[in-house]
Structure formats: C-alpha cells, structure tokens
1. What is the spin-label model distance, in nm, from A:Val338 to A:Asp365 if the labels are put 7 Å beyond Cα along the C-beta direction?
2. Using the scaling law 2.2 N^0.38 Å as the reference, what is the normalised Cα Rg of chain B?
3. Treat the count of other C-beta atoms within 10 Å as a stand-in for reagent exposure and order A:Trp113, B:Trp73 from fewest to most.
4. Could you name the lysines whose alpha carbon sits less than 24 Å from that of A:Lys345, not counting residues in the same chain fewer than 8 places away?
5. Nearest 500 deg cm²/dmol is fine: what mean residue ellipticity at 222 nm does chain B get from its DSSP H runs of n ≥ 4 alone, each adding -39,500 (n - 2.57), divided by its residue count?
6. If you plug each phi of the stretch A:245-259 into the Karplus form 6.51 cos²θ - 1.76 cosθ + 1.60 with θ = phi - 60°, what whole-Hz ³J(HN,Hα) values come out, in order, with x for Gly and Pro?
7. Exposed loop sites here are GluC sites (Glu not before Pro) in DSSP loop states with at most 10 other C-beta atoms within 10 Å. What is the longest stretch of chain A lacking them?
8. Below 8 Å between Cα atoms, with a sequence gap of 6+, how large is the relative contact order for chain A in percent?
Amino acid sequence: MALEQGGVPTVAVHTNVFARLAQSVARANGMPTTRQAFVPQPVVGKSAAELRAYIDGDDPVHGRPFAQELISGLTDPLDDADMTGLSFERSTPRLLEPDSEDRLHALFAESGWTDHLPIVLPTEERVAAMLARTSRAPDETVGRLRPTFYRESWEFTVEKVAVNAVMAGARPEYLPVILAMAASGQSGRSSSTTSQATVALVNGPIRDEIGMNYGVGAMGPYSHANASIGRAYGLLSQNLQGGSVPHESYMGSQGNFLSYNATFAENEAASPWEPFHVQHGHSPDESAVSLFLGGWYTVFGGGPRETWEQKFKRSLQACDPYTGPIIALDPIVAKDFVKLGFDRKQKLIDWCVEHARLPAREFWDNQWVQTLLHPRAVAGIEPYATMLAADPDEEIRIFRPEDIHVVVVGGETGAVWKMLGGGPRRVTVKVDDWR
Amino acid sequence: MNRKLAVHDPRGYPPRVTGKRLAPRLESLSGKVVYLVDCLFDNSDVFVGQLRDWLGERFASADLRLIKPRESWVDDPDMRARIEADGDAAILGVGL
C-alpha cells in the first residue's frame with residue numbers, strides 16, 4: 001500500500017488462508033480496493049513445478065485465473081472507489097446500552113470480547129472500585145496495542161484497562177500489575193502463524209502484597225492473583241487492540257494453551273541468585289513485570305544429576321533455534337547449580353550459550369531462522385554472517401546470551417526445571433509507576 | 001433478573017481511517033519496469049522466480065527485476081525508494 005501511495009501500481013500476492021486478514025488490513029488502511037491476488041496455501045515446501053502450477057491455475061479466492069487477477073490488477077482502469085479510498089470514523093462508546101444481565105453476557109460473548117469463559121460484567125461500580133487502586137486518572141492514555149506490526153495500533157486509557165481487569169475477575173489491588181502489562185506495548189494476543197503466547201514474570205514486593213504464587217503450583221491454577229492477572233492481560237490485549245479473531249486478526253495455526261495464562265512470579269526468597277528484574281536494571285525494592293514473546297515449546301527435566309550436561313545439551317538442541325529458552329528452575333535445582341560453581345545466573349547462561357550447538361546446515365534449515373535471520377546474515381549482521389559462513393557440518397552456537405533467561409520458580413517439592421520458549425526479552429515494565 | 005445494567009464497553013479506541021487512492025494503472029506491462037518483490041517468507045523466492053519466468057515468456061519486452069527487502073517483517077524504505085524511482089509496477093509475493 002505504501003508503494004501505491006508512492007505512485008507505483010502494485011499487486012500483493014497472498015495465500016488463500018490470509019484472504020480475510022489481507023482484506024481487513026487494506027480496509028483499515030483506507031485502501032479497501034487494493035489489488036490482491038491469491039494462490040493456494042501452502043507455498044512452503046512446494047517445488048518450483050508446483051508453484052508454477054499455482055501461477056497457471058485459478059485464484060482460489062476470486063475464482064478466476066491467477067494470472068488474470070495479477071495482470072488486471074496492474075492494468076485495468078481505476079474506478080471512483082479506487083480514486084478516493086475509504087475514509088471513516090470508528091468510535092467505541094464509554095458505556096453500552098443498558099440491558100439485562102443475561103443479554104449483556106450474550107452480547108459480550110457474541111461480540112468476541114471474551115475468552116469463551118464467563119466474564120464479570122464491568123459495571124460502573126465495579127470499574128470505579130478497580131480504579132481506586134491506581135493514582136492515575138481514568139482518562140489517561142496508557143498506550144497502544146496491535147496484533148501484529150502491519151496492523152494499525154489502537155489506543156486505550158486507564159479506565160479501559162480497568163474494565164478488562166474487572167471482566168477477568170481481578171481484584172482492584174492487582175490493577176498496577178495489569179496496567180504495567182498493558183503499558184508494555186506487547187500484546188498477549190499476537191497474531192503470528194506460529195501461535196505465540198506472551199509469558200509474564202512478576203518480580204518485587206508486589207508479589208507478596210497481592211498474594212501471587214511463586215511456590216508450589218506457581219505455573220498452575222493455584223492462585224487467584226496469577227490466574228486473574230494473566231486472564232486480564234489476555235482480555236485487555238484482544239479488546240484494546242481491536243480484536244483477536246481467527247482468520248482476520250489471529251492467524252496462529254495451532255493456537256497456544258499459554259494464551260489463556262502464562263503469568264507467574266519469581267521465588268526471590270528461595271533463589272540463590274539475584275531476581276530477574278534486578279538483572280535488568282531495577283532495584284530489589286521495586287516491582288516489575290517482564291514480558292517474553294514466545295511460549296511455543298516446553299522441555300522438562302530433573303537434576304542437575306551426574307549426566308546433567310548431556311541432558312542440558314540435548315534439551316537446548318530441542319529448543320527452537322530462533323527463540324532461546326526461559327530456563328525456569330525450582331529453587332532446589334538453582335541451589336544445586338550453585339554447588340556446581342554457577343554462583344550467578346549469568347554463568348549458567350554462558351554455559352548454555354557455549355554448549356547449545358547445532359550443525360550449521362540444520363540451524364539454517366529451520367523455517368524461522370531462514371525467514372527471519374538469514375536476511376540479516378546476508379546483510380552482514382553479526383553473529384549471523386559468521387554463522388552463515390560456517391561449513392554446513394560445523395557445530396555452531398545457536399543462541400546469544402541475551403536469548404537465554406534464567407528464573408527461579410517453584411515450591412521445592414521436586415528438583416525439576418523447564419525450558420520454556422521465551423526468545424529475546426521483550427520488555428520489563430516498572431509496576432510502581434502504575435500504583 | 002430483568003433489571004437493566006449499565007456496563008462499560010471493553011474495546012480500545014481505533015484510529016480514524018483516511019482514504020488513500022490507488023496509483024494510476026498501466027496500459028500494458030510491455031516495455032515497463034516491473035519489480036518482483038520477494039517478501040522473504042520461506043520458499044517465496046522460488047515462487048517469485050517462477051513468476052518472473054512466467055511473465056518473461058508473455059511480456060518479452062518487460063524489464064522484470066527481482067528485489068528483496070533488507071529484512072523480513074520490517075519496512076525497507078530504501079527498497080521502496082528504489083522501486084518508486086525507476087519502477088513502473090510492483091508485485092509483492094508471497095505474504096503480507
């Protein structure tokens with residue numbers, strides 16, 4: 001669409017499963033008649049001959065020959081709609097039309113404003129009680145969110161965040177954490193075809209003030225605070241960014257269980273190491289929430305036992321090479337690592353960076369590495385350029401130190417750990433700014 | 001249960017949509033510079049290569065140029081400037 005504005009007639013080719021999304025994006029950009037041509041899904045894994053057959057075949061969305069759509073899109077005369085585009089105001093009211101409780105619940109469900117579980121209706125009284133736990137004005141802008149980078153961002157206020165917090169069943173004292181998550185700019189309802197979830201880690205005094213669980217069952221449904229803060233983050237993400245609708249604003253092929261909730265706190269008291277937020281520039285008496293875009297995979301293990309190095313190497317190889325892990329250790333495991341000489345988290349991260357290796361051939365064959373990192377390598381950006389120059393059989397390091405995170409969580413009922421897809425740390429937001 | 005409740009709308013505030021016109025179309029691709037943009041999705045280079053061959057067989061006088069953005073998922077103003085400077089048309093494939 002930017003090329004059209006630059007005076008260049010353009011046709012964008014998509015696969016058919018993206019039809020609704022592509023048309024929705026075009027409309028939201030004021031250019032609903034943008035010329036689009038479609039080929040069948042998938043393109044990945046198809047031979048040159050099979051792709052040539054796509055070009056010779058029909059556009060599965062428009063039902064006409066693909067080539068005709070392509071050539072017509074560049075050469076057919078424009079009409080009035082093409083010449084003006086489409087301008088319109090979109091507004092959302094502060095309050096909905098009053099209605100019965102049952103009908104309002106139905107409206108919320110049918111409008112796609114829930115996560116398909118019952119919600120608490122955001123009455124004026126409930127929202128006012130929620131707002132009482134922040135010093136920020138209800139009409140203050142908190143930030144903007146969008147499901148993916150090519151869609152427009154929607155803006156929202158403190159009150160709108162409080163509305164979604166009420167819907168999730170959160171208690172008012174949780175609001176500063178939820179506001180900090182909303183202010184991150186990171187959506188908990190990313191549209192990626194890879195089905196990203198956003199993992200949230202809470203640190204600092206707020207954990208105990210609001211009863212967050214960082215002990216037994218911290219990653220499970222055993223804490224009202226963990227459960228409803230995570231749910232609120234999901235609801236506010238979808239509602240404040242303009243939706244999370246399959247085929248239109250959500251394209252995760254398989255979806256992700258962690259999209260329901262992936263919020264937990266670090267067990268700072270039982271950890272032998274400094275808390276995660278302190279590693280990243282905050283003081284221990286500050287509270288912060290860190291958000292990681294990932295959640296694709298989980299690898300589980302126990303120990304460290306005699307063969308822990310082999311287990312860790314295999315586990316790191318099993319992680320997606322595009323996204324390094326959040327290594328979540330029970331305090332028992334963390335303390336045992338200290339006995340092995342890892343007296344700082346960074347030492348364990350450095351060990352993982354050194355030993356997480358794959359043959360270059362296998363690393364570069366990964367779909368997301370090929371799509372997202374290969375262009376950087378070709379552009380000479382390090383360390384990818386050096387990794388691309390390696391012999392295909394050379395075992396290369398697959399993660400940078402900043403790709404791996406170590407956190408301590410759990411109640412010491414077992415010497416267990418998880419490697420959880422986390423990728424680069426996206427952002428750490430100070431909660432105290434939202435009290 | 002018939003009592004009416006006033007509740008908040010949970011949605012954020014969308015930006016205003018401003019209409020934008022399409023660029024004037026060509027009479028034909030013959031003799032024109034057409035950029036084929038490989039959007040860097042997995043295997044899109046093979047698709048775009050096939051598209052270039054297909055167009056070349058039918059529009060022998062068209063100047064068909066393959067081009068790639070510097071990275072996936074980011075805007076590349078330099079690439080756009082190059083297309084706008086000497087391109088008559090563009091085809092983006094495959095992806096958004």
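1. 4.3
2. Rg over 2.2 N^0.38 Å, computed on Cα atoms: 1.69.
3. By the 10 Å Cβ count, ascending, the order reads B:Trp73, A:Trp113.
4. In chain and number order, the partners are A:Lys311, A:Lys313, A:Lys335, A:Lys418, A:Lys430.
5. -8000 deg cm²/dmol
6. 10, x, 6, 10, 10, 9, 10, x, 5, 9, x, 8, 3, 5, 5
7. Maximal segment without exposed cleavage sites: A:90-305.
8. After rounding, I find 16 percent.
FYI, it's all coordinate maths here, none of it is from the lab. Keep in mind that what you see is a predicted model, and the values were worked out from it rather than measured. Ideal geometry is used to build each Cβ from the backbone, glycine not excepted, and the neighbour counts take in all protein chains shown.
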